[in-house]
Amino acid sequence: MKQQNTDTQEIKDQTQQTAAEQDTTKTDNAADNMSEQQDTASDTMAEQKPAEEQIDWKDQYIRLQAEFDNFRKRTLREKMELVQSGGSDVLKAILPVLDDMQRATAASEKSDDIAALREGERLVVQKFIDTLRQQRVVEIEAMGAQFDENLHEAVARFAAGDEMRGKVIDVIERGYMLGEKVLRFAKVVVGE
């Protein structure tokens, strides 16, 4: 009987030891599972962070693109307004010359004094030239100048002797510049 008790005790001890080992294994497995879950959660969070950063970059890109598009539209609108207002300034400057031309025409119908009419025309032309100068429009000096394809347009060539070779001998149509830019080329006859 004593033997049986000892055997029973040994079986109990083995059972308890096996149960303890299983509990340890379960605990280890649970810890491993928990560690894996934490790793998975960390990986998921790590994956979410770049995804969130990517969404943030996309959002910033879209906002920047919209901002640039608004800037472009605003700039075009301002440019159009500037061109329109610039044109109106020139027209306002020319209107007094038109008034003078109309007065000169009315005066020419009533007067027989040719000298006075010519003087009136000359004054109106001079006022128009002064108005253009105020707008930075100047005539291209061509007569007798060396032919320059950047300023002149040759419409004909005539034999003019060695001293006038390559020079402008006649101006068919005057040319004008606005600042440094050619508005209209001077149409000229060039000597050969």
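The values are calculated or read from the model by the stated rules, or taken from the named source; none is laboratory data. On a predicted model such as this, the values are computed, not experimentally measured, just so you know. Counting neighbours? That spans all protein chains shown, and the Cβs are built from the backbone with ideal geometry, glycine included.
Descriptive notes on the structure:
- Scope region 161-175; condition surrounded by fewer than 16 Cβ atoms within 10 Å (Cβ to Cβ) and in contact (Cβ under 8 Å) with a residue 12 or more places away in the chain; matching residues: GLY161, MET164, ARG165, GLY166, ASP170, ILE172, GLU173, ARG174
- Of all residues making up region 161-184, the number that are touching a Phe, Trp or Tyr at 6+ places or on another chain (Cβ under 9 Å) and either in a loop (DSSP other than H, G, I, E, B) or of a type in the set (Asp, Glu) (or both): 4
- All positions within region 139-160 that are among the small types (Gly, Ala, Ser), assigned to a loop (DSSP other than H, G, I, E, B) and exposed (fewer than 13 other Cβ atoms within 10 Å of the Cβ): GLY144, ALA159
Every residue, every condition in (1) at pLDDT 90 or above; (2) farther than 25 Å from LEU91 by Cβ; (3) out of contact with any strand residue (DSSP E or B) (no Cβ under 9 Å at 6 or more places or on another chain), yes or no:
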| position | (1), (2), (3) |
| --- | --- |
| ALA104 | no, no, yes |
| ASP130 | yes, no, yes |
| PHE147 | yes, yes, no |
| GLY175 | yes, no, no |
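- Verdict on SER85 being without any contact (Cβ under 8 Å) to a residue 40 or more places away in the chain, under 23 Å from GLY179 (Cβ atoms) and either out of contact with any Pro (no Cβ under 8 Å at 6 or more places or on another chain) or exposed (fewer than 11 other Cβ atoms within 10 Å of the Cβ) (or both): yes
- Flag for THR75 being within 32 Å of the chain's Cα centre (by Cα), modelled with pLDDT of 90 or more, among the hydroxyl-bearing types (Ser, Thr, Tyr) and surrounded by 10 or more Cβ atoms within 10 Å (Cβ to Cβ): yes
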